[in-house]
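> Submitted below is the structure of interest, expressed as structure tokens.
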Amino acid sequence: MSTTSAYIMAAAAEESVLQQTATTVDGWFAGIADGFAAIIFATIPLGGYDAPIVVLWSILAAIGFSIYFGFVQFRTLHVSLEVLRGKWTTEKDPGEVSHFQALTSAVSATVGLGNIAGVAAAVSMGGPGATFWMIIAGLFGMCTKFVECTLGVKYRYIDENGVVHGGPFQYLKVAYHKLGRIPVAIITGLFAIAIMLFGVVGGGMFQANQAFGQLRAATGGEDGMFGSDLAALIFGIVFAALVGVVVIGGIKSIGSVTAKLVPAMAIIYVGACLIVIAVNFANIGDAFGAIIDGAFSPEGISGGVLGVIIIGVTRAAFSNEAGIGSAPIAHSAVKTRRPISEGFNAALEPFIDTVVICTMTALVIIFAWTPEYQEALDAGSAENPVALTSAAFDSFLPGFNIVLTVAVLLFAYSTLITWSYYGIQAWRHLFGTTKVGDAIFRSIALLLVVIGCLVSTNNIFSFADSALFMCIFINVIGLVILAPKVKEEMKQYLADRKAGRLLEDPEPLPHELAERR
């Protein structure tokens, strides 16, 4: 036997072992994902459809917040834009990052593959009508984000090294404190576990999985240079290493990188969407007609209208993360003396993410809707939804799949580095802050990035959605309890803004005086 033949046989044997390993890991992960989903997505019969309780809870809470705060997300858009550009802040304000950096850090975790793969998955499962309910969920979710990010800053503390510790790990203790020390520890512990699980699966494995899927599709599919499991493994290792380089630097490093990445990837992706929309300008009316008709008169969708609502709300939550409690972790590091200012800033996220970018993606997909494309949706949406969005773009902009691949890699990378930060905050809540502990978490997270390139999208989606809505269930109850305190902050801020006192230290609020006594 020649040396060349022996080498080929050895390589084939290694590839076979890797394929078997990938199949085994995928099967093991599927069992865990199915069991987790069965617990979290308990249902109630509603109009002949088994509706998940936790999904209904998330949208009803968002509607309730909007009513309670007088639809603040729409009334004060000009205030949000003032905060974003730093009009009422100074360098002496406590915190680590600017309002713009806090927003881009959080947006980097939300404006990602949920806007590309998530929209394709929603449209393939719920038809064009799912887009309508994603938009509605995004508009109401703006108020949920307003509440949670205000609380994330309000109950933060800054340690002796100037590092900020905030977000749900602090305000949930306040929300549930009447239950007693042990129940509070259990509740916040479960929340930390859920955040950590979603971080390493939805924020890690899914991003790597879809990034590699798009790279493989753009380079010839399974017959191309990235068609093998070995290529998936190598890509996962390289991608994990690039993530590791940034996350070691903490939120300042992440904020610096995302402040550059988010605008760049937004220009690439939104620019392409606008080109396709401009080319199809005459068809916009028909596209929105399909969205409205599909929202209220869906055909062939399990559960009818309610089924489409559930699909839209679920994918919107995966996209903009309103109510999860993740964004307040990044926003809590902002430089400000007035917590509510970051609530106004954060309210922009779901609008940017779901109302604008997801709608653009949906329009591109709907414009490309043909019998052939529908066949592709039916055949492949579950396993590689990002490739479906890519195919839609490519039908109008031949060769754009290469450009989209670059955008997808940037989306995935920015989301991964931010969720690594969220995850390590949850880890520290559970196990304390030590160099060894941080190294263990980062090693686990980066290992799962590699594994994410080897397992199926379906299983990742199922597990990630379960962790996400476990976070929402615990977090939103806490937000409801603390909402009156946020309302006091909002009234004071708007009054001080009108009186020109925003650069002065705010007066103590009634609930703060009561807490001191």
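The values are calculated or read from the model by the stated rules, or taken from the named source; none is laboratory data. As the structure is a prediction and not an experimental result, all values here were calculated from the model. Positions of Cβ are backbone-derived with ideal geometry, glycine not excepted, and every protein chain shown enters the neighbour counts. All accessible areas refer to the heavy atoms of the entire protein, side chains included, with ligands and DNA or RNA removed. Shrake-Rupley method; radii C 1.70, N 1.55, O 1.52, S 1.80 Å.
> Name the single residue, out of those in segment 66-90 being outside any helix (DSSP H, G or I) and of a type in the set (D, E, K, R), that is modelled with the highest pLDDT.
Here the answer is Arg85.
> Sort through Phe191, Phe140 and tell me the only one that's part of a helix (DSSP H, G or I), among the aromatic types (Phe, Trp, Tyr), in contact with a Cys (Cβ under 8 Å, 6 or more places away or on another chain) and modelled with pLDDT of 85 or more.
Step by step, each of Phe191, Phe140 is checked, and only Phe191 is part of a helix (DSSP H, G or I), among the aromatic types (Phe, Trp, Tyr), in contact with a Cys (Cβ under 8 Å, 6 or more places away or on another chain) and modelled with pLDDT of 85 or more.
> How many residues does segment 386-428 hold that are touching a Phe, Trp or Tyr at 6+ places or on another chain (Cβ under 9 Å) and over 29 Å from Gln101 (Cα atoms)?
Qualifying residue count for the region: 10.
> Would you check if Asn115 is outside any helix (DSSP H, G or I) and under 29 Å from Gly294 (Cα atoms)?
Yes, satisfied.
> Filter segment 472-487 down to the residues that are farther than 11 Å from Tyr68 by Cβ and buried (at least 18 other Cβ atoms within 10 Å of the Cβ) and list them by number.
Ile472, Phe473, Ile474, Asn475, Val476, Gly478, Leu482, Lys485
> Inside segment 496-517, can you point out the residues that are open to solvent by 50 Å² or more (accessible area, probe 1.4 Å), modelled with pLDDT of 75 or more and not in a loop (DSSP other than H, G, I, E, B)?
Arg497, Lys498, Ala499
> While we're here: Within the set of pairs 6+ apart or on separate chains, which have a first residue in segment 326-347 that is closer than 10 Å to Ala102 by Cα, a second that is in a loop (DSSP other than H, G, I, E, B) and among the basic types (Lys, Arg), and C-beta atoms under 6 Å apart?
Matching pairs, first to second residue: Ser332/Arg156.
> Okay, moving on. If the requirement is being at pLDDT below 85 and open to solvent by 40 Å² or more (accessible area, probe 1.4 Å), which of these qualifies: Val356, Val305?
Unique residue meeting the criteria: Val305.
> Answer with yes or no whether Ala175 is more than 20 Å from the chain's Cα centre (by Cα) and under 18 Å from Phe411 (Cβ atoms).
For Ala175, the condition - more than 20 Å from the chain's Cα centre (by Cα) and under 18 Å from Phe411 (Cβ atoms) - is not met.
> While we're here: Spot the failing condition for Asp93; the list is (1) modelled with pLDDT of 90 or more; (2) surrounded by fewer than 20 Cβ atoms within 10 Å (Cβ to Cβ), and only one is missed.
So Asp93 meets the others, but not (1).
> Could you run through segment 361-392 and say how many residues are among the hydrophobic types (A, V, I, L, M, F, W, C), open to solvent by 40 Å² or more (accessible area, probe 1.4 Å), in a helix (DSSP H, G or I) and at pLDDT 60 or above?
So the answer is 1.
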